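Take a look at the structure below.
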Amino acid sequence: MPRTVSRGVVALLLSCTLLLTTAACNDDDKTSASAATPTASTSFEQQKLAKTRFVANAGLAAGATYQWIVKPYRAGKFKKGVDGRTLALVKAGLAGAFTYNRLKAAVNNAKGDPLLSKAVAPLTAGIESLKELGTKLRKGEVGDADVGAFEGVINSVKEAGKSAGAEVKDQIPSTSQLGG
């Protein structure tokens with residue numbers, strides 16, 4: 001019990017000290033507060049970073065789709081009775097959710113570049129259609145149309161990026177990235 005009380009007293013003293021030091025530093029001079037605010041980067045830097053981020057996110061989505069959805073599906077690993085089916089379906093489900101997440105991030109990144117945002121804008125409905133496919137994959141309720149939907153959206157995003165000068169190449173994420 002005395003240890004708990006001493007910890008409480010120490011915490012109270014530290015809180016008061018922090019409160020008093022920040023109050024003492026507050027000056028009536030308003031210029032110091034405005035100097036601490038971050039400034040936005042130039043529009044050129046935003047555009048450059050937008051394309052780079054778009055390429056990275058779309059590449060990870062494409063790599064995950066190919067590695068853990070398309071490739072195992074074509075190899076027949078999602079069929080009933082096949083050894084390793086459950087693990088393949090779990091990985092495919094995680095890859096589906098990961099792909100959806102990265103594609104949403106890529107669309108948000110594309111908004112920083114006018115040309116890229118125009119190219120990607122028509123694809124948002126297709127990306128939204130992938131939202132529930134990760135769960136469907138995990139449950140083993142996947143068919144040709146589902147795998148085709150993933151391939152179609154990924155290919156559309158790649159083409160949109162290429163037309164805007166941001167070529168997307170497949171980047172296979174690690175299994176820890178899928179789960180994280």
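Overview of values
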quantity: Cβ pairs under 9 Å, 6+ apart, first in the range 70-87 and loosely packed, with under 11 Cβ neighbours inside 10 Å, second assigned to a loop (DSSP other than H, G, I, E, B); calculated: Gly76/Val82; Lys80/Gly140; Asp83/Lys77; Gly84/Lys77
quantity: Hey, Val107 open to solvent by less than 60 Å² (accessible area, probe 1.4 Å), under 17 Å from the mean Cα position of the chain (by Cα) and touching a residue at least 40 places away in the same chain (Cβ under 8 Å) or not; calculated: no
quantity: Lone unmet requirement of (1) in a loop (DSSP other than H, G, I, E, B); (2) within 21 Å of Ala75 (Cβ to Cβ); (3) out of contact with any Phe, Trp or Tyr (no Cβ under 7 Å at 6 or more places or on another chain); (4) open to solvent by less than 20 Å² (accessible area, probe 1.4 Å) for Phe150; calculated: (1)
quantity: Qualifying residue in the range 118-130 (condition: within 15 Å of Phe98 (Cα to Cα), open to solvent by 50 Å² or more (accessible area, probe 1.4 Å) and touching a residue at least 24 places away in the same chain (Cβ under 8 Å)); calculated: yes
quantity: Contacts under 8 angstrom Cβ, first residue in the range 143-168 being touching a residue at least 60 places away in the same chain (Cβ under 8 Å), partner charged (D, E, K, R) and open to solvent by less than 50 Å² (accessible area, probe 1.4 Å), 6 or more apart; calculated: Ala164/Asp113; Ala166/Asp113
quantity: Condition met for Glu45 (modelled with pLDDT under 90 and within 25 Å of Ile172 (Cα to Cα)); calculated: no
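The values are calculated or read from the model by the stated rules, or taken from the named source; none is laboratory data. Quick caveat: nothing in here was measured; it's all calculated off a predicted structure. Here the Cβ is made from the backbone with ideal geometry for all residues, glycine too, and neighbour counts use every protein chain on show. We work out accessible area using only protein heavy atoms, side chains counted, and drop any ligands, DNA or RNA first. Shrake-Rupley method; radii C 1.70, N 1.55, O 1.52, S 1.80 Å.
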